[in-house]
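Comments concern the structure below.
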Amino acid sequence: MPSNEPDGTKEAKEKLEEALGCWDTGFDTMMKYDEEFMMLLHDVSTPNSEQLPKKVRQLMYVAIFASPPNYHERALHRHIEAAIESGASHEELLWIFKVASVMGFHSLVDGAPLVWLRLGRCSYV
């Protein structure tokens, strides 16, 4: 089926998909309304010889999308797949999940004493 995207948009989409290692259908809307912004995303996602290897970038995306404040299931699945395709091991992915799982710990450390103070269980924070 032929695409109804302008050639420039189709090429931009292909470049961005290659840089990110995946494509989310939500990106289609952004490409439609602000292709310039999406190409800025491409520019910061495109590796050169001085940037991180694709496997490392994919592991970073996994960490970001697995963390409690940024959890995004669809993106997480895509980036896990891309990380594996880039050579990430089971052990590397498990380590990433362990690190991501403790990202909410500081909320507990900072928040619990405030709750205890409010409940009268301590006199200082």
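The values are calculated or read from the model by the stated rules, or taken from the named source; none is laboratory data. Here the structure is a predicted model, which is why all the values come from computation and not from measurement. Quick reminder, even Gly has a Cβ in these numbers, built from the backbone with ideal geometry, and neighbours come from all protein chains shown.
Out of curiosity, is Arg78 in contact with a Gly (Cβ under 8 Å, 6 or more places away or on another chain) and charged (D, E, K, R)? Yes: the conditions hold for Arg78. Considering segment 23-108, the qualifying helices (runs of 4 or more DSSP H), each wholly inside and each with 2 or more residues that are polar (S, T, N, Q) and assigned by TED's automatic domain parsing to the domain that holds Thr9, run over 25-33.
Residue-wise test of (1) surrounded by fewer than 16 Cβ atoms within 10 Å (Cβ to Cβ); (2) modelled with pLDDT under 80.
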{"site": "Met1", "(1), (2)": "yes, yes"}
{"site": "Tyr61", "(1), (2)": "no, no"}
{"site": "Leu76", "(1), (2)": "no, no"}
{"site": "Ala83", "(1), (2)": "no, no"}
{"site": "Ala88", "(1), (2)": "no, no"}
{"site": "Val102", "(1), (2)": "yes, no"}
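Here Ala88 passes the criteria (1) more than 21 Å from Lys13 (Cα to Cα); (2) in contact (Cβ under 8 Å) with a residue 60 or more places away in the chain; (3) small (Gly, Ala, Ser) except the one numbered (2).
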